[in-house]
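This report refers to the structure that appears directly beneath it.
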Amino acid sequence: MSSPTLKVGIVGLGRLGQRHAINLAQRVPNAEVVAACSPMPAELDWAASTLGITTGYADYDALLAHPGLDAVFLVTPTSLHADQIIAALRAGKHVFCEKPLSLDLADCLKVEAEAARHPQLTIMIGFVRRFDASYHDAQQKIAQGMIGKPYLVRSQTCDQNDPSGAFMRFAPTSGGIFLDCSVHDIDLARWLLGNPVPKRVYASGTNAIHTGLQAFGDVDNGLATVEFSDGSMASFMASRTMAHGHETLTEVFGTGGRLAVGSNPRLNRVEISDAHGVRNECTPDFYARFADAFLIEAQEFTDAALGRRTLSLTLHDATEATRIGLAMTQAMREARPIEF
């Protein structure tokens, strides 16, 4: 009989890790955060003082041995994801891990193979936009045939410019703009188009402001096009230099219509009319846009781990997002189309 409460260990308590921890501790009724793990004492102090999580570990293996632990929530550097997932599965724990699964396709496949050995365990990669109410509604409308057969997705993730360039310290390990930012759009495109098989990809990019990215083979604005074997297509834009705020926009074109999600990245329903005209304020960052979706995502993982439902996405979806993102990065860096 399934336990009524999932006992979770939160691993990584940076900005996003703290938000996940708050959701699990305060807003997911059938989850209990019983321990935290971080190599940084200040993060463990935060967990204790803010959420009352007084059991903290600097060592991940020690966390996995915590008595009664059911699951781990991994909000850690991408380079650690594959090994941490495999270790958790071998320890008999359910696993939630933030995207991307890995920056290395071989590691993705290794995780898939290990997961297949533990069919009783739930493993979920955090493609949070699938849990946004608007994206979910769009997918349902497409499945119901509202716009006919979908043949093109145009999707973008555009972050507000950070003049300090603080994100530059992650540039050596981020995998580049397509794997860091566009991986969400890639997953959406596959989902909304019915999981077609990629055939060819083209990509280019430029450094409009943060020219230091060039040293890492990265750009602050990138464009990519993916052709799929069934004739459908996807076009992606990623930017780190928007002046107005964070903007996530996706359009789906079908033989009988078009759907758009996020055409106006408005912060709320307040409309300002003054000497400058009529306008609205914009979402400042991705979390402001998808806060509700992060909570729904955590609830689905918890329910699936407790045996109350099946997941709405697969580990293979995460592998495919990495595979396409890697090809986009290669196409940009080598200035040539990449065939799958």
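The values are calculated or read from the model by the stated rules, or taken from the named source; none is laboratory data. Please read all numbers here as calculations on a predicted model, not as lab measurements. Quick reminder, even Gly has a Cβ in these numbers, built from the backbone with ideal geometry, and neighbours come from all protein chains shown. To get the accessible areas, we keep the full protein, side chains included, count just its heavy atoms, and leave off ligands, DNA and RNA. Shrake-Rupley method; radii C 1.70, N 1.55, O 1.52, S 1.80 Å.
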Counting only the backbone N, which residues of the stretch 11-37 are under 12 Å from the spot 7 Å out from the Cα of Ala48 toward its beta-carbon? 36
Roughly speaking, to the nearest percent, how much of the stretch 193-340's 1.4 Å accessible area is carbon and sulfur? 52
List His184, His81, ordered by accessible area with a 1.4 Å probe, largest first: His184, His81
Inter-part gap, Cα centre of the stretch 12-47 to Cα centre of the stretch 299-340, in whole angstrom, is 25
Keeping to pairs on different chains or 8 or more places apart, tell me how many lysine pairs in the chain have Cα atoms under 24 Å apart. 8
At a threshold of 8 angstrom on Cα-Cα distance, excluding pairs fewer than six apart, so keeping six or more, what relative contact order does the chain reach in percent? 19
Before anything else, pin down the relative contact order of the stretch 1-54: Cα pairs under 8 Å, at least 6 apart, normalised by residue count, whole percent. 37
Could you bin all the Cα-Cα distances of the stretch 48-195 into 5 Å bins starting at 0 and give me the percent of pairs in each, rounded to whole numbers? 2, 8, 14, 16, 16, 15, 14, 9, 4, 2, 1
Accessible surface, the stretch 130-254, averaged per residue in Å² (probe 1.4 Å): 40
What three numbers, in Å, describe the spread of the alpha carbons of the stretch 221-340 along their principal axes, ordered from the longest? 53, 47, 34
Residue-normalised accessible area of the stretch 29-87, expressed per residue, 1.4 Å probe, Å²: 44
Sort Arg154, Arg129, Arg308 by heavy-atom solvent-accessible area, probe 1.4 angstrom, most to least. Arg308, Arg154, Arg129
Compute a Gaussian network model of the chain, connecting alpha carbons closer than 10 Å, and tell me which residue from Ala87, Ala115, Ala288 fluctuates the most. Ala288
Evaluate the relative contact order of the stretch 205-256 (contact order divided by residue number), counting alpha-carbon pairs under 8 angstrom at least 6 apart; express in whole percent. 26
For the stretch 1-74, give the percent of accessible area contributed by carbon and sulfur heavy atoms, probe 1.4 Å, rounded to a whole number. 54
What number, in nm² with one decimal, is the all-direction average of the projected area of the convex hull of the alpha-carbon atoms of the chain? 18.8
Considering only protein heavy atoms, what is the solvent-accessible area of Thr206 at a probe of 1.4 Å, reported in Å² to the nearest 10? 80
Average projected area [Cα convex hull, the stretch 36-81], square nanometres: 3.4
Rounding to the nearest 10 and keeping the result within 0 to 90°, find how far the Cα-based axis of helix 105-116 lies from the longest principal axis of the chain. 50
How much solvent-accessible surface does Ser273 expose, in Å² to the nearest 10, with a 1.4 Å probe and all protein chains in place? 90
Among the GluC sites (Glu not before Pro) in the stretch 219-280, which ones are in a DSSP loop with at most 13 other Cβ atoms within 10 Å of the Cβ? Mind listing them? Glu271
Any chance you could run the full-extension gain for Ala335 through Arg309? It's 0.36 nm times the residue separation minus the Cα-Cα distance, nm to one decimal. 4.9 nm
Extension gain from Asn268 to Leu80, taking 0.36 nm per residue of separation minus the Cα-Cα distance: 64.0 nm
What do you get for the angle between helix 315-334 and the principal long axis of the chain? Use alpha-carbon atoms, 0 to 90 degrees, nearest ten. 50
